[in-house]
Amino acid sequence: MVDDSAHSYALQMIDVNKYFGPVCALKNISFDVGSNEIVGLIGDNGAGKSTIVKILTGVFPPTSGELYIGGRKVDFRRYSVQKAHRYGIETVYQDKSLGEKQVLWRNFFIGREITLPFGFIDVKKEKEIANEIMINTIGFRGKGITVDSKVSELSGGERQGVAIGRAMHFQADLILLDEPTVALSLKEVRKVLNFVHKIKEGGRACIYISHDIHDVYEISDRFVIIDRGEIVASILKQDISLKDLDKFLLEYAHGMKDKAEDKS
Amino acid sequence: MKQRRSILATLGSIEGLPVLGILLLLYGAFLITAPSVFTKHRIYMSFLQTVPPPLVLGLGLTLVITAGEIDLSFPAVVALSGFAFSWVFTNFDTVWAPWAGVALALAAGALVGFVNGLLVAKVGVPSIMATLASQFFWYGVTILLAGGLQLNIKEVEETVMHDIFTGRIFGLIPAQALWGLGLAIFLWFILNRHTFGESIIFVGDNPNVAQVMGINVEITRIKLFTLMGVIAAFAGLLLTIEMNVFFPTQGQSFLLSAMAAVFIGGTLISGGKGSVIGTLWGSYIIGSLQAGVVATGVTSYWVQSVMGFIMILAVALNVVIGEGRLSGVSDAFRRWTSSSRSHVTKTAMETNDTAL
Ligand SMILES: Nc1ncnc2c1ncn2[C@@H]1O[C@H](COP(=O)(O)OP(=O)(O)OP(=O)(O)O)[C@@H](O)[C@H]1O
Ligand SMILES: [Mg+2]
């Protein structure tokens, strides 16, 4: 099958380096994501996964390198979280996506409020749209969750549902999920994975980061493996079984350990 | 059943209602224990005269605490702004002098607040340290500028400015009470209905979330501290113009009372939730206690203990029945009504489905 999306990219990263002072967090990172592709980003703690996400979303710029979003070159001097939103990039974090003490309708529109003159918020409109997102996009039905519910009253999976629903509502072309299932029960993880399937069905792209290889395998089209700031492999799902992927990662980790031991 | 639950929930969610309840209870108690004082309007007029300066400070502080920060420098701003106004007023004998004085006072407050904001947001000094240092520094500067002396501005009574800020409306109601009320309403809208307020709430809830959702956390903090400086300067103006005198220590006594009013009002010390209306009632509770307790005839040694007791009572009541913390009561109601309630929700959703 000739996939058209192979020729149009949601994102291309070219030779990106990132230093925190003398610490090199990313080294010559080059990779791309197709416009309807789910990429699983795999790597150990501190490998640099979240750093990639933060560069993509405009939290901080890379030390060097280029980034194209939907074919447009990003000017890092003028890049910001708001700009990333405008470019169609939305992010869902494990614990940084929602204000816990706040009601849902505020959480849907935080950072891009619907405003009346002088910066006042159009509460009625925000609540209306929030309600629509909850019913149509997220599919919260008959659970007693309303737009006036506080985030703290929701289960972990429901919270991620709200964050993913928000991303989809704002027409994100690329949704980044950075460990969205940490500390969730199996049932709640299932909910999150179902939301990710909706991203694929909706024709959008996604980068999914998780330490759970089973989850990553289920939903990804391709796996990008990163180790200590460097990309070490990019494997299509059709080319590898879950078992082999697992084995590859294990062997790789051991291989690195052996190397480290050789050095000492 | 459902109706009863919703009445309770509605009452609980009306901002500041438990605090207003305490205020009314307090006045009720004073009416019984000191009827000769509390049945006459004079005492209430005196509250309306003395409470506004600390109230104005408390209102500004409500926003600061909602953002998860603290400002301890406002007593110094009250002094500095009072000095700025009095200095211009006594040194320039023109029609515009009082207005220039007001402008200089507010600008001085803005400057102090802006520097606080820079220290906190840009340099990264925790606000409790930055503003404590700032309190010492600007208080010292004020004493130096004033040479440690007070300034009498008796002539201010003849100006329009005096009538506007602290005149008696209908010869009775102190104008500053309306300024306090007006500021409370204005800041309620800013905090609850404006994008700046929403930024404040989210920064206070979790600055990381605020940042990744595209809020400029630094700018929000700088703006907030600057606003607090201006508000504190305004409180200083109300105080100085009402008293017709500036003295270097003015404002120092407001530090704890303004903070107490904010917490009595139900603003969370951890940030993310602030109650402007609660602070309004809380300020009147704090401001009425001293005079009220003294009027009841108990020795003044009691005043502090009674104040402490009332504060605990108010804060506890807020915790128990305040918005979102109705949990104990509302959970019980939810259990009692759960079957009928889930049914209602489901049918509501189904209707929605067909409609869409
Ligand atoms: N703001 C920062 N300042 C300094 N160093 C940082 C900063 N952010 C990340 N790092 C460093 O960069 C490296 C990569 O971190 P990153 O958070 O991207 O890892 P990760 O792959 O997301 O790990 P995890 O699986 O634990 O989330 C780490 O060594 C980390 O210590
Ligand atoms: Mg990470």
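The values are calculated or read from the model by the stated rules, or taken from the named source; none is laboratory data. Being a predicted model, the structure only gives us computed values, none of them experimental. In this analysis, Cβ positions are derived from the backbone assuming ideal geometry, glycine residues included, and neighbour counts consider all displayed protein chains. Quick note on the areas: whole protein, heavy atoms, side chains included, nothing else; ligands and nucleic acids left out. Shrake-Rupley method; radii C 1.70, N 1.55, O 1.52, S 1.80 Å.
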On C-alpha positions alone, give me the angle between the axis of helix B:74-91 and the longest principal axis of chain B, in degrees, nearest 10. 40 degrees
Quick one: net charge around A:Ile14, please, counting Lys, Arg +1 and Asp, Glu -1 for every other residue with C-beta under 14 Å from its C-beta. +1
Which one of A:Gly43, A:Asn28, A:Gly58 is farthest out on the positive end of the charge dipole of the range A:24-86, using unit charges on Cβ (Lys, Arg +1; Asp, Glu -1) and the Cα centre as origin? A:Gly58
With the cut-off at 24 Å, tell me which of the pairs A:Lys150/A:Lys200; A:Lys18/A:Lys247; B:Lys223/B:Lys273; A:Lys96/B:Lys122; A:Lys54/A:Lys83; A:Lys83/B:Lys273 have Cα atoms farther apart than that. A:Lys150/A:Lys200; A:Lys18/A:Lys247; A:Lys83/B:Lys273
Does any residue of the range B:192-212 lose at least 50 Å² of accessible area with all protein chains in place compared with its chain alone, and if so which ones (probe 1.4 Å)? B:Arg193, B:His194, B:Thr195, B:Glu198, B:Phe202, B:Asp205, B:Val209, B:Val212
Give the range of the longest stretch in chain B that excludes all trypsin sites (Lys or Arg not before Pro) found in loop regions by DSSP and having at most 16 other beta-carbon atoms within 10 Å. B:41-324
Once phi is turned into ³J(HN,Hα) by the Karplus curve 6.51 cos²θ - 1.76 cosθ + 1.60 with θ = phi - 60°, what whole-Hz value does each residue of the range B:100-105 show in order, with x for glycine and proline? 4, x, 4, 4, 5, 4
Helix A:186-201 sits at what angle to the longest principal axis of chain A, using alpha carbons and giving 0 to 90 degrees rounded to 10? 90 degrees
So how strong a dipole does the protein assembly as shown carry about its Cα centre when Lys and Arg Cβ are +1 and Asp and Glu Cβ are -1, to the nearest 20 debye? 1180 debye
Roughly how many debye, to the nearest 20, is the charge dipole of the range A:6-263 about its Cα centre, given +1 on each Lys and Arg Cβ, -1 on each Asp and Glu Cβ, and no other charges? 760 debye
Please build a GNM for chain A, connecting alpha carbons under 10 Å apart, and tell me which residue among A:Thr115, A:Thr137, A:Thr91 fluctuates the most. A:Thr115
Tell me the per residue accessible area of the range B:40-306 using a 1.4 Å probe; a whole number in Å² is fine. 39 Å²
Treating only the Cα positions of the protein assembly as shown as identical point scatterers, give the base-10 log of I(q)/I(0) from the Debye formula at each q in 0.07, 0.08, 0.09, 0.11 Å⁻¹. -0.57, -0.71, -0.85, -1.09
Once all protein chains are kept in place, B:Glu242 shows an accessible area at probe 1.4 Å, nearest 10 Å², of 40 Å²
Working note, the range B:40-306: Cα radius of gyration (Å, one decimal) and Dmax (Å, whole number) are 18.4, 57
Rounded if a/c is under 1.5, else prolate if a/b beats b/c, else oblate: with a ≥ b ≥ c from the C-alpha gyration tensor eigenvalues square-rooted, which is chain A? prolate
With just the Cα atoms defining each centre, how far is the range B:253-324 from the range B:182-246? Give it in Å. 21 Å
In Å², nearest 100, what accessible area do chains B and A bury in total when the solvent probe is 1.4 Å? 2800 Å²
Bounding extents of the range A:183-244 in its principal axis frame from Cα atoms, largest first in Å, are 31, 28, 24
Would you mind checking the tilt of helix B:52-66 against the longest principal axis of the Cα atoms of chain B, expressed as 0 to 90 degrees and rounded to 10? 50 degrees
Indicate the gyration tensor shape class of the range A:14-85 (rounded, prolate or oblate), computed on the Cα atoms with a ≥ b ≥ c the square roots of the eigenvalues: a/c under 1.5 is rounded; otherwise a/b larger than b/c is prolate and the rest oblate. oblate
Cut-off of 10 Å, at most 16 other beta carbons, DSSP loop: longest stretch of chain B lacking such chymotrypsin sites (Phe, Trp or Tyr not before Pro): B:171-300
Unit charges on C-beta of K, R, D, E only; dipole of chain B, Debye: 1080 debye
